[in-house]
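These notes concern the structure reproduced below.
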Ligand SMILES: [Zn+2]
């Protein structure tokens, strides 16, 4: 009796009916499987027999890493991966399906490193009317909206999650039970009593669990990180300073003492995870960078010393620019607390100069939108990155190769090269001429599967 895990059998793909161009498929038996597969490998060294092959005929291709776009390239996709990039857009022989994108631009699937999928932008501020199950369903819906907007990979750093709903969303998508982007989760942000994420406006005897995990002192911080990892955290998120959308705390205040921040970084890395911090104030930002965090969210009050520290340590900045404009411009009409809108207004005065200096100085920057607004608007961030000094190509790279490096998956996704996972999007025009083209994604493929095809028909 042969072992059913025989590698030759495992490598033999099942026969698929139909497909006139497909060569005869292998039907290995238990007794002869290895021999049949070996013969097939010898005779047909390159083409997996039953793999569906798709050709994307792209008028322009941005591969996510190069400085220049390539004109007229055909991307051959097979087995969920990029098999080949061919010059020219002639329909290749032997493909099952050819898609005409000659008028547009193909790019790697985009990545957003700062989403809040469980936040319902039009929902009530109290958040008391949704159970954990409601939130998971809302989160799945939001994840799918983002996938349709061209974001094939997300990082969700802390959310309005009283339990571990976001981990369930991630797992159900990863298991193939629902279509959706691949998701990296920091289930809850960790913050101190009274800090950003605590419910500072409630009466002392109001017993309501905050979505942020309120922890103080080295022991509590370490224990909470262990719990996050126990229940599925890919990342740990810590509030290093006060914030905008929370009442009663000051964005310039540092949340933790050095000992606490160092413990958070040490515990996270000891458990093989990565850590990011919410940091608006200058001192809290520097404290976190000195402690060795992998990335910093917002960084609104970054100064020259912090810029040099981040460059020296290779710390990533995810500037989340658009969200502050959203709070200030749309907040009053949405009923946001006046205190939050006012905090946003003050920060906006210096934000542009600070972020522009960080970009100019060469701090490593990756894309994050901070979707407390409608999730499908995430790509609005690109226009702000360009406004503050990036070339359109650099802005695109923040959401492709750079973001993949932050997540540690740059060998698999984030660029269009042979062997990479086939996460591919297409837009109708040229985002190098007009970056807002990325706000209208026509075509989305993830893992080689077509998720959306809304190309205009001629
Ligand atoms: Zn956020």
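The values are calculated or read from the model by the stated rules, or taken from the named source; none is laboratory data. Nothing here was measured: the structure is a model prediction, and the numbers come from that model. Every residue, glycine as well, gets a Cβ built from its backbone with ideal geometry; the counts of neighbours run over all protein chains shown.
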Worksheet item: Here are 135, 155: which of them is assigned to a strand (DSSP E or B), under 30 Å from residue 337 (Cβ atoms) and in the same structural domain as residue 395 (by TED's automatic domain parsing)?
Response: 155
Item to complete: Report, by residue number, each residue of region 144-158 that is buried (at least 24 other Cβ atoms within 10 Å of the Cβ) and either over 10 Å from residue 451 (Cα atoms) or under 8 Å from the mean Cα position of the chain (by Cα) (or both).
Response: 146, 151, 152, 153, 154, 155, 156, 157, 158
Worksheet, complete the sentence: Taking region 170-191 and keeping only residues that are crowded, with 24+ Cβ neighbours inside 10 Å, touching a strand residue (DSSP E or B) at 6+ places or on another chain (Cβ under 7 Å) and closer than 17 Å to residue 158 by Cβ, one is left with 170, 185, 186, 188, 189, 190, 191
Fill in: Wholly within region 354-458, strands (runs of 3 or more DSSP E) carrying at least 3 residues that are buried (at least 18 other Cβ atoms within 10 Å of the Cβ) and in contact with a helix residue (DSSP H, G or I) (Cβ under 9 Å, 6 or more places away or on another chain)
441-446
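Residue-by-condition table, conditions (1) under 23 Å from residue 373 (Cβ atoms); (2) more than 16 Å from the ligand (Cβ to nearest atom); (3) outside any strand (DSSP E or B); (4) more than 15 Å from the chain's Cα centre (by Cα):
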residue	(1), (2), (3), (4)
93	no, yes, yes, yes
130	yes, yes, yes, yes
142	yes, no, yes, no
169	yes, yes, yes, no
173	yes, yes, yes, no
185	yes, no, no, no
Worksheet item: Filter region 290-327 for residues that are under 23 Å from residue 116 (Cα atoms) and assigned to a helix (DSSP H, G or I); which is nearest to the ligand (Cβ to nearest atom)?
Response: 323
Worksheet entry | Residue within region 114-121 that is in a helix (DSSP H, G or I) and more than 17 Å from the chain's Cα centre (by Cα) present | no
Worksheet entry | Qualifying residues in region 98-122 (those that are more than 16 Å from the ligand (Cβ to nearest atom) and at pLDDT below 95) - the one nearest to residue 61 (Cα to Cα) | 103
Discussion item. Please count how many residues of region 213-252 are modelled with pLDDT of 95 or more, in a loop (DSSP other than H, G, I, E, B) and surrounded by fewer than 22 Cβ atoms within 10 Å (Cβ to Cβ).
Written reply: 4
